Amino acid sequence: MGWAKYARGKLSLPVITGIFCALTFTVLLYTERITTSSSGFHFGIKTCPRRNAAKLKKHHTGVRELKSSPLDNPTDDRFVFDPEECSLNNGKWVFNTSIKPLYTDRTCPYIDRQYSCTKNGRDDSDYLHWEWRPDDCILPRFDPKIALRKLQGKRIMFVGDSIQRNMWESFVCLVQSVIPEGEKSMKLGRVYSVFKAKEYNASIEFYWAPFLVESNTDIHIIADSKQRIIKVDSIAERAKQWLGVDILVFNTYVWWMSGVKAKALWGEFANGEEGYEEFDTPIPYKLALRTWANWIDSTIDTNKTKVFFTTMSPTHQRNEDWGNMNGTRCFNETRPVMKKGHWGVGSNKDLMKAVVDVIGRMKVPVTVLNITQLSEYRIDGHASVYGELGGKLLTDKQKADPSNFADCIHWCLPGVPDTWNRMLYAYL
């Protein structure tokens with residue numbers, strides 16, 4: 001009672017409010033345990049109500065733009081990113097001309113032609129200046145030197161499909177510019193590729209495993225998706241390449257979306273691959289994820305290795321999803337969808353639920369990088385007609401036929417995958 005009487009006499013209301021907020025936050029911090037990064041996987045703790053909002057101004061195109069960097073803006077009262085508090089999944093894309101990519105497809109020699117949109121003729125550049133701004137916290141800018149120091153003496157491996165390769169090449173390009181020519185190397189392979197930063201004794205690796213589990217098509221690719229058979233209970237042959245890695249970043253999605261059903265096989269490929277069963281895709285997807293999860297739980301030493309899982313990267317094949325009734329898929333889209341919570345047919349909620357269910361039951365902690373919602377907005381970021389098909393750049397005739405040839409799956413580099421890597425960087 002004496003202290004309360006003293007406080008009323010000596011302390012101002014804002015100070016008392018601040019003390020109350022701090023005590024409340026401390027209690028919550030010790031009573032909640034948060035393990036993943038998205039709103040679907042993350043039960044975030046919010047600080048006391050914000051007093052001010054970041055000031056915005058109109059860009060000449062009518063797009064909202066940050067008046068200054070949120071990292072330097074004293075009116076921006078979002079808290080600095082903390083994985084125990086912040087959901088990176090909730091936010092908006094803000095147009096910010098002060099943001100310049102850390103590389104281009106001309107300064108980074110490691111970008112596949114499939115993702116080299118500017119070199120392949122894309123002449124608009126607004127898609128390079130959108131910055132993801134979480135609602136509650138500030139996402140750190142990617143600092144190549146700090147990233148390399150975090151990776152010193154370590155191996156980081158991206159495992160998955162061509163979207164994961166998209167992310168891997170982005171990460172390599174984000175760091176390579178600060179490494180002297182004689183201190184870096186790249187070795188490309190059909191299945192396994194590795195970039196080395198010699199001064200830091202660090203390697204940034206990619207391993208091709210589009211289903212994570214084994215199949216009859218992941219090494220020698222079968223173009224006809226109806227002939228693909230997935231060994232949903234077999235992972236050892238692929239997974240032996242993941243042993244000893246310090247940071248593993250997994251994904252699997254695009255190859256599961258080739259049809260409504262998928263062919264699954266248990267055991268060895270015996271009798272000419274007979275004995276498979278055909279299921280609605282979410283069933284073998286979940287079975288494959290369980291096989292992956294069992295391997296992680298039984299093999300990974302959490303004192304040595306940290307595990308991430310990247311959620312599905314949306315495809316934007318249906319322009320009606322975002323209301324452009326006269327458009328052609330993602331072709332000629334030059335700005336994101338601004339409708340909050342936009343979700344198109346290119347993101348499968350059943351597969352998303354399978355990820356939640358499987359990872360939620362794992363013993364080894366897995367940090368989920370939920371890239372799906374923020375990427376759903378970015379209909380403008382795809383390679384479209386500025387990529388390649390079958391190892392060859394599109395001809396002028398093919399470019400004139402975007403309904404058949406626009407790539408609305410993969411992403412231009414630099415571009416959206418750089419934001420995915422900002423998220424990963426924040427957790428490293």
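Okay, here's what the table says:
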quantity	calculated
Residue identified as free of Cβ contacts under 8 Å to residues at least 60 places away in the same chain and not small (Gly, Ala, Ser) among 345, 355, 366	345
Test for residue 133: is it among the basic types (Lys, Arg), in contact with a helix residue (DSSP H, G or I) (Cβ under 9 Å, 6 or more places away or on another chain), surrounded by fewer than 23 Cβ atoms within 10 Å (Cβ to Cβ) and on the phi < 0 side of the Ramachandran plot	no
Filtered residues of segment 236-261 (kept if under 16 Å from residue 354 (Cβ atoms), open to solvent by 10 Å² or more (accessible area, probe 1.4 Å) and either of a type in the set (Asp, Glu) or in contact with a helix residue (DSSP H, G or I) (Cβ under 7 Å, 6 or more places away or on another chain) (or both))	254
Given (1) of a type outside the set (Val, Ile, Thr); (2) modelled with pLDDT under 55; (3) open to solvent by less than 70 Å² (accessible area, probe 1.4 Å), index of the condition residue 108 fails	(2)
Complete set of residues in segment 355-365 that are surrounded by 21 or more Cβ atoms within 10 Å (Cβ to Cβ) and under 18 Å from the mean Cα position of the chain (by Cα)	355, 359
Segment 198-210, residues that are farther than 18 Å from residue 244 by Cβ and open to solvent by less than 30 Å² (accessible area, probe 1.4 Å)	210
Segment 184-229, subset β-branched (Val, Ile, Thr) and in contact with an Asp or Glu (Cβ under 8 Å, 6 or more places away or on another chain), residue farthest from residue 146 (Cα to Cα)	229
Residues being assigned to a strand (DSSP E or B) and either modelled with pLDDT of 95 or more or surrounded by 14 or more Cβ atoms within 10 Å (Cβ to Cβ) (or both) - total across segment 279-326	6
Residue 376 charged (D, E, K, R), under 23 Å from residue 282 (Cα atoms) and crowded, with 21+ Cβ neighbours inside 10 Å	yes
Odd one out for residue 153, checked against (1) open to solvent by 10 Å² or more (accessible area, probe 1.4 Å); (2) over 19 Å from the mean Cα position of the chain (by Cα); (3) on the phi < 0 side of the Ramachandran plot; (4) of a type outside the set (Val, Ile, Thr)	(3)
Flag for residue 329 being at pLDDT 95 or above, farther than 27 Å from residue 260 by Cα and open to solvent by 10 Å² or more (accessible area, probe 1.4 Å)	no
Residue within segment 265-274 that is at negative phi, buried (at least 18 other Cβ atoms within 10 Å of the Cβ) and at pLDDT below 95 present	yes
Checklist (1) open to solvent by 30 Å² or more (accessible area, probe 1.4 Å); (2) of a type in the set (Ser, Thr, Tyr); (3) out of contact with any Gly (no Cβ under 7 Å at 6 or more places or on another chain); (4) within 24 Å of residue 191 (Cα to Cα) applied to residue 225, failing item	(3)
Residue in segment 171-185 that is part of a helix (DSSP H, G or I), open to solvent by 30 Å² or more (accessible area, probe 1.4 Å) and in contact with a helix residue (DSSP H, G or I) (Cβ under 6 Å, 6 or more places away or on another chain) present	yes
Checklist (1) within 30 Å of residue 292 (Cα to Cα); (2) assigned to a loop (DSSP other than H, G, I, E, B); (3) out of contact with any His (no Cβ under 6 Å at 6 or more places or on another chain) applied to residue 346, failing item	(3)
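The values are calculated or read from the model by the stated rules, or taken from the named source; none is laboratory data. As the structure is a computational prediction, the values presented were derived from the model and not from experiment. A quick note on method: Cβ atoms are made from the backbone with ideal geometry, for glycine too, and the neighbour counts reach across all protein chains shown. Calculation scope for accessible area: heavy atoms of the full protein, side chains included, ligands and nucleic acids excluded. Shrake-Rupley method; radii C 1.70, N 1.55, O 1.52, S 1.80 Å.
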